[in-house]
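S.K.: Encoded as structure tokens, here's the structure I'll be asking about.
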Amino acid sequence: MADQTRIIKIEGMTCGGCVASVHHATADIDGLNDMSIELADNQATVTFDDSKTSAEAIAAAIDDAGFDATVANS
């Protein structure tokens, strides 16, 4: 298990409901260990097992929930 921590920029979040939507969209991702969303900064910090998922896969799930998510350069 190799945990990675990355920043995902999320455009389109405007309220606590949006934050809840992002959490819901990513709740079933195997390997996602922790996510902290900063609404004011329009970003999420994610910690995940890179043998099970990737920052790009997490961003894609957020995109599918209707937001514009991109993995920040590390």
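The values are calculated or read from the model by the stated rules, or taken from the named source; none is laboratory data. Since we're looking at a predicted model, the values are computed, not measured. Virtual Cβ from ideal backbone geometry, glycine too; neighbours counted across all protein chains shown. Surface accessibility is based on the protein's heavy atoms, side chains included, excluding ligands, DNA and RNA. Shrake-Rupley method; radii C 1.70, N 1.55, O 1.52, S 1.80 Å.
S.K.: If you go through the range 25-38 one residue at a time, do you hit one that is of a type in the set (A, V, I, L, M), buried (at least 16 other Cβ atoms within 10 Å of the Cβ) and in a helix (DSSP H, G or I)?
M.R.: Yes, the range 25-38 has at least one match.
S.K.: Considering every residue within the range 9-17, establish whether at least one is free of Cβ contacts under 8 Å to residues at least 60 places away in the same chain, in contact with a helix residue (DSSP H, G or I) (Cβ under 7 Å, 6 or more places away or on another chain), crowded, with 16+ Cβ neighbours inside 10 Å and not in a strand (DSSP E or B).
M.R.: yes
S.K.: Pairs please, first residue from the range 45-74 and farther than 17 Å from ASN33 by Cα, second anywhere and of a type outside the set (A, V, I, L, M, F, W, C) and in a loop (DSSP other than H, G, I, E, B), Cβ atoms under 6 Å, 6+ apart in sequence or on different chains.
M.R.: PHE67/GLY12; ASP68/GLY12
S.K.: Inspect all residues belonging to the range 41-59 and state whether any of them is of a type in the set (Phe, Trp, Tyr), in a loop (DSSP other than H, G, I, E, B) and open to solvent by less than 40 Å² (accessible area, probe 1.4 Å).
M.R.: Of the range 41-59, the ones of a type in the set (Phe, Trp, Tyr) are 48.
When the remaining residues are screened for being in a loop (DSSP other than H, G, I, E, B), the result is none.
The answer is no, given that none of the residues of the range 41-59 is of a type in the set (Phe, Trp, Tyr), in a loop (DSSP other than H, G, I, E, B) and open to solvent by less than 40 Å² (accessible area, probe 1.4 Å).
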